[in-house]
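What follows is a single structure, written as structure tokens, with notes after it.
The values are calculated or read from the model by the stated rules, or taken from the named source; none is laboratory data. Since we're looking at a predicted model, the values are computed, not measured. With ideal geometry, Cβ positions are generated from the backbone for all residues, glycine too; neighbour counts draw on all protein chains shown.
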Amino acid sequence: MDSISVDELAQKKDRWYLIVEEMLAAAGITINGNNAFDLQVHNPGLFKRILQEGSLGFGESYMDGWWDCDRLDALFTRILHFGVDERLPKSLTDITRIAYARLFNRQSRKRAWQVGKEHYDIGNDLFRAMLDPHMQYSCGYWKEAETLEQAQLAKLKMICEKLQLKPGMSLLDIGCGWGGLAQYAAENYGVSVYGVTISAEQQKLAQERCQGLDVEILLQDYRDLNRQFDRIVSVGMFEHVGPKNYDTYFSVAERNLKPDGLFLLHTIGANQTNLHVDAWIDKYIFPNGCLPSVRQIAEASEKRFVMEDWHNIGADYDRTLMAWYENFKRAWPALSENYSERFERMFTYYLNACAGAFRARDIQLWQVLFSPKGVEGGVRVYR
């Protein structure tokens, strides 16, 4: 789609255009400019839509083909680094969402299944094509890795080493995804694994992947868990728990962990404590999600656990997301038979926006290791 010419835009300049132009200029972004991170505008209604609908309007207008950008990841890095997003007026929808989150439990038992159906059940063909062979839909560890597969294997090893897994141990995997970690731990460390997920498609593939191993995969809400394990791990699931359930979540972990056990929490985290959820991400990608802060994790866990280690590998998520995006682009000709062009734009926007957020250090990725009473002599944590 062709961009509107500079002359045409100059003729159409109104207060909406001028406000957005000034906001973007603070981040060095030019409308219809020559840089890869500049917006190429196809519909002059974009500027009013951005100011009236905020992040939701910005994302939906991209899905609608109103604008393009050669490097969406770089665009979002600049927007977040220079605080352009903070200057956007809050829409009524944003205000209502925050008020609802304060009053109601957006991650109740009934609502918790929504993200499974709307995101994780999209299609295993999509995730097979986009992810590594172990289908890790979480941050890889790129310390010494050169490829996505190497980074995800390094992450799996790091988790198992931090948990000090030994043959014969039992491992609870809360939010087990497609079973990649369960398979890896059972095959390489000789442990028995009990995994739970709220996605029917994930359960199906995880059961196939772990066939013949000492692994059980159930479609179950974490709140219903009630048996003790030597070790507990939870990767990329806490983002769906919600502030009103943090205390419950840690009480479940405490209830299910043996007195001499270890619990590793792997989660995306927010720099500040608030209930703000990006409206576009909430509507199209992860409904009812909310990123925890350091304070929220500490307050919810301090009554029940000793924090043995806190490891931030958030910068590695940028590279992980860009690797997923390259896989997604490469696979799109085949995937396009089952997914629409609008879906392609939606997923492109999602992966690049998230990569930009991690690159700008606007959000983090934490691995937090807990023990019930403190490990005698301390834990020499694997890196």
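Just to be sure before I move on: is Gln202 touching a residue at least 60 places away in the same chain (Cβ under 8 Å), surrounded by 17 or more Cβ atoms within 10 Å (Cβ to Cβ), assigned to a helix (DSSP H, G or I) and in the same structural domain as Met135 (by TED's automatic domain parsing) in the structure I sent? Even if it seems obvious, please write down each step before you answer.
Details: touching a residue at least 60 places away in the same chain (Cβ under 8 Å): yes; surrounded by 17 or more Cβ atoms within 10 Å (Cβ to Cβ): yes; assigned to a helix (DSSP H, G or I): yes; in the same structural domain as Met135 (by TED's automatic domain parsing): yes.
Spelling it out, Gln202 is indeed touching a residue at least 60 places away in the same chain (Cβ under 8 Å), surrounded by 17 or more Cβ atoms within 10 Å (Cβ to Cβ), assigned to a helix (DSSP H, G or I) and in the same structural domain as Met135 (by TED's automatic domain parsing).
If I filter the stretch 218-228 down to residues being within 22 Å of the chain's Cα centre (by Cα) and assigned to a loop (DSSP other than H, G, I, E, B), which single residue comes out as nearest to Ala182 (Cα to Cα)?
Applying the filter and picking the extreme gives Gln220.
Would you call Gly356 in a strand (DSSP E or B) and surrounded by 14 or more Cβ atoms within 10 Å (Cβ to Cβ)?
No: the conditions fail for Gly356.
Go through the stretch 289-339 and give me each residue that's without any contact (Cβ under 8 Å) to a residue 24 or more places away in the chain and touching a strand residue (DSSP E or B) at 6+ places or on another chain (Cβ under 9 Å).
Ala298
Pull up the stretch 326-340, narrow it to residues that are surrounded by 12 or more Cβ atoms within 10 Å (Cβ to Cβ) and closer than 15 Å to Gly123 by Cα, then point me to the one that is nearest to the chain's Cα centre (by Cα).
Here the answer is Phe328.
Which residue pairs have Cβ atoms under 9 Å apart, sit 6 or more places apart or on different chains, and have a first residue in the stretch 169-186 that is under 19 Å from Glu149 (Cβ atoms) and a second that is surrounded by fewer than 24 Cβ atoms within 10 Å (Cβ to Cβ) and among the aromatic types (Phe, Trp, Tyr)?
Every condition considered, the pairs that remain are Gly177/Tyr120; Gly177/Tyr137; Trp178/Tyr120; Trp178/Phe127; Trp178/Tyr137; Gly180/Tyr137; Ala182/Tyr194.
Within the stretch 281-298, restricting attention to residues that are outside any loop (DSSP other than H, G, I, E, B) and modelled with pLDDT under 95, which residue is surrounded by the fewest Cβ atoms within 10 Å (Cβ to Cβ)?
In this case the residue turns out to be Lys283.
Can you tell me which condition Ala323 does not meet? The list is (1) buried (at least 18 other Cβ atoms within 10 Å of the Cβ); (2) outside any helix (DSSP H, G or I), and all the others hold.
It fails just one condition, (2).
Of the conditions (1) over 24 Å from Phe250 (Cα atoms); (2) in contact with a Pro (Cβ under 8 Å, 6 or more places away or on another chain); (3) hydrophobic (A, V, I, L, M, F, W, C), Val191 clears all except one; give me its number.
(1)
So is Leu148 at pLDDT 95 or above, within 11 Å of Trp324 (Cα to Cα) and buried (at least 21 other Cβ atoms within 10 Å of the Cβ) or not?
When the stated conditions are applied, Leu148 passes them.
Could you run through the stretch 25-55 and say how many residues are surrounded by fewer than 22 Cβ atoms within 10 Å (Cβ to Cβ), more than 27 Å from Glu326 (Cβ to Cβ), aliphatic (A, V, I, L, M) and touching a residue at least 12 places away in the same chain (Cβ under 8 Å)?
Final tally of qualifying residues: 3.
Which one of Ser301, Ser234, Ser251 is modelled with pLDDT of 95 or more, more than 21 Å from Ile198 (Cβ to Cβ) and polar (S, T, N, Q)? Before the answer, list the steps.
On the way: Ser234 fails: more than 21 Å from Ile198 (Cβ to Cβ); Ser251 fails: more than 21 Å from Ile198 (Cβ to Cβ).
Unique residue meeting the criteria: Ser301.
Can we say Val215 is over 20 Å from the mean Cα position of the chain (by Cα) and buried (at least 20 other Cβ atoms within 10 Å of the Cβ)?
Criteria met by Val215.
Quick check on this structure: which one of Leu264, Leu219, Leu213, Leu225 is in the same structural domain as Tyr184 (by TED's automatic domain parsing), closer than 23 Å to Trp310 by Cα and either of a type in the set (A, V, I, L, M, F, W, C) or touching a Phe, Trp or Tyr at 6+ places or on another chain (Cβ under 6 Å) (or both)?
From the options Leu264, Leu219, Leu213, Leu225, the qualifying one is Leu264.
Under 6 Å between Cβ atoms, at least 6 apart or on separate chains: pull out the pairs that start in the stretch 256-281 with a residue that is more than 30 Å from Met63 (Cβ to Cβ) and end on any residue that is assigned to a loop (DSSP other than H, G, I, E, B) and of a type in the set (A, V, I, L, M, F, W, C).
Every condition considered, the pairs that remain are Asn256/Leu225; Leu262/Leu163; Leu264/Leu163.
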